[in-house]
Amino acid sequence: MKIYDIEGFPNPLRVRIALAEKGATNQVEFVPVDVMGGEHRSEAFKTKNPDATVPMLELDDGTCIAQCNAITEYIDGVFDGPSLMGTTPAERARIAMMNLRAENGLMNAVGAYFHHATPGLGPDLETWQCAEWGNKQKEIASATMTYLDSVLADNEFLAGDSFSVADITAFAGLGFADFAKVDIPESLTNLQAWRAKVAARPSIAG
């Protein structure tokens, strides 16, 4: 299978961490996409992924799967190792809930701020911007950080006692926040401690 992505970007990082957690990084081929050059918006790429986004998974039979959550679910199902998505209905539901909160409230909110209220990736790629919307999303990202800190006051990880895809999404989201200069308040000590613990995992620290 192939993973089309660009190394160092937040959403591709989510998939790379999931692969590393499953011990499967060396079982896929990474295909670099020139996002800065607009390759992801080319007709050739959009025939594979009409979303015009990375990462994208292409299976050996030509099936293409986009969207991080869908790609991670496939990875979690086909490779051995502890599940990142949960094993019981209750676990899966809780992890899915927290993953969506981290994705919508942090990752996507930071992304909206970056692409709308800052120069983003430059005028060639940022063809439409709404600064008011972007700044509102920055507020949502900050509020989500506070919420995640409160969750971590009573839980080792975001969805309970086990590391999951929700932690991957939030970790990548905080990295994006650093890049976009959305500050993580020092008062959020639970979130800061969790981040340091996750950063030390072999799938991230190497």
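The values are calculated or read from the model by the stated rules, or taken from the named source; none is laboratory data. Just so you know, these numbers come straight off a predicted model, no measurement behind them. Quick reminder, even Gly has a Cβ in these numbers, built from the backbone with ideal geometry, and neighbours come from all protein chains shown. These area figures cover heavy atoms from the full protein model, side chains too; ligands, DNA and RNA do not enter into them. Shrake-Rupley method; radii C 1.70, N 1.55, O 1.52, S 1.80 Å.
Key figures for this structure:
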read-out: Residue list for the range 143-185, restricted to those being out of contact with any Pro (no Cβ under 8 Å at 6 or more places or on another chain) and hydroxyl-bearing (S, T, Y); value: T144, Y147, S150, S164, T169
read-out: Among the residues listed as T127, T72, T53, T88, the single one being over 25 Å from G8 (Cβ atoms) and of a type in the set (S, T, N, Q); value: T88
read-out: Single residue of the range 93-103 satisfying the filter (under 22 Å from L13 (Cα atoms) and among the charged types (D, E, K, R)) that is least open to solvent (accessible area, probe 1.4 Å); value: E103
read-out: Unique residue being open to solvent by less than 70 Å² (accessible area, probe 1.4 Å), more than 26 Å from D34 (Cβ to Cβ), in contact with a Phe, Trp or Tyr (Cβ under 9 Å, 6 or more places away or on another chain) and in the same structural domain as D161 (by the TED database) when the list is L121, L106, L84; value: L106
read-out: Count of residues meeting criterion [hydrophobic (A, V, I, L, M, F, W, C) and open to solvent by 50 Å² or more (accessible area, probe 1.4 Å)] in the range 47-81; value: 1
read-out: One residue from F176, F114, F171, F163 being surrounded by 13 or more Cβ atoms within 10 Å (Cβ to Cβ), part of a loop (DSSP other than H, G, I, E, B) and of a type outside the set (D, E, K, R); value: F163
read-out: Test: residue in the range 11-34 that is in contact with an Asp or Glu (Cβ under 6 Å, 6 or more places away or on another chain) and more than 22 Å from M85 (Cβ to Cβ); value: yes
read-out: Cβ pairs under 9 Å, 6+ apart, first in the range 138-157 and under 25 Å from G120 (Cβ atoms), second among the β-branched types (V, I, T) and open to solvent by less than 70 Å² (accessible area, probe 1.4 Å); value: K138/V110; K138/V182; A141/V110; A141/V182; S142/V182; S142/I184; M145/V182; M145/I184
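So that you can scan it fast, the table gives a plain yes or no per residue for (1) hydrophobic (A, V, I, L, M, F, W, C); (2) without any contact (Cβ under 8 Å) to a residue 12 or more places away in the chain; (3) open to solvent by 20 Å² or more (accessible area, probe 1.4 Å):
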site: G8; (1), (2), (3): no, yes, yes
site: N11; (1), (2), (3): no, no, yes
site: L19; (1), (2), (3): yes, no, no
site: F45; (1), (2), (3): yes, no, no
